[in-house]
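Below: one structure, written as structure tokens.
The values are calculated or read from the model by the stated rules, or taken from the named source; none is laboratory data. Note that the structure is predicted; figures quoted are calculated from it, not measured. Methodologically, a virtual Cβ is constructed for each residue, glycine included, from the backbone with ideal geometry; neighbour enumeration extends over all protein chains shown. All accessible areas refer to the heavy atoms of the entire protein, side chains included, with ligands and DNA or RNA removed. Shrake-Rupley method; radii C 1.70, N 1.55, O 1.52, S 1.80 Å.
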Amino acid sequence: MQKIVEIFNTGDLSEVDLIFSLDYIDHQKPPEMDIDGPDEFKQIVMNVRQSVLELKVTIEDLIAEGDKVVGRLQWNITDQSGKSIKRETIDILRFVNSQVAEHWGAEAWRKEA
């Protein structure tokens, strides 16, 4: 989870293929996205980073049990118009052989002045 947050914060995709299983399934996959696996995650990161001026993601809570890790993440975003947006997500990752095999998520948005 920490490495994924770092990838969103920096945009450095060099370790994505090591972190994500080739069979990775995103249960929160955008409906318009027609790619799967690690390439899907790379595309999501690139899309997010290209659509905002600034992005800072932090882990607020982290729980691990068995093959799953659950994180509550805080997203501080400055959009293209300069407005500040706060987004909070709950992300569940399931691991197989030390790689992310599945992702589930839920989110809440709040625009600020």
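General remarks:
- Scanning region 36-47 finds one or more residues that are open to solvent by 60 Å² or more (accessible area, probe 1.4 Å), in contact with a helix residue (DSSP H, G or I) (Cβ under 9 Å, 6 or more places away or on another chain), not polar (S, T, N, Q) and not in a strand (DSSP E or B).
- Subset of region 20-32 (residues that are open to solvent by 30 Å² or more (accessible area, probe 1.4 Å) and more than 25 Å from residue 83 (Cβ to Cβ)): 22, 23, 25, 27, 29, 31
- Subset of region 57-113 [assigned to a loop (DSSP other than H, G, I, E, B) and open to solvent by less than 80 Å² (accessible area, probe 1.4 Å)]: 67, 82, 112
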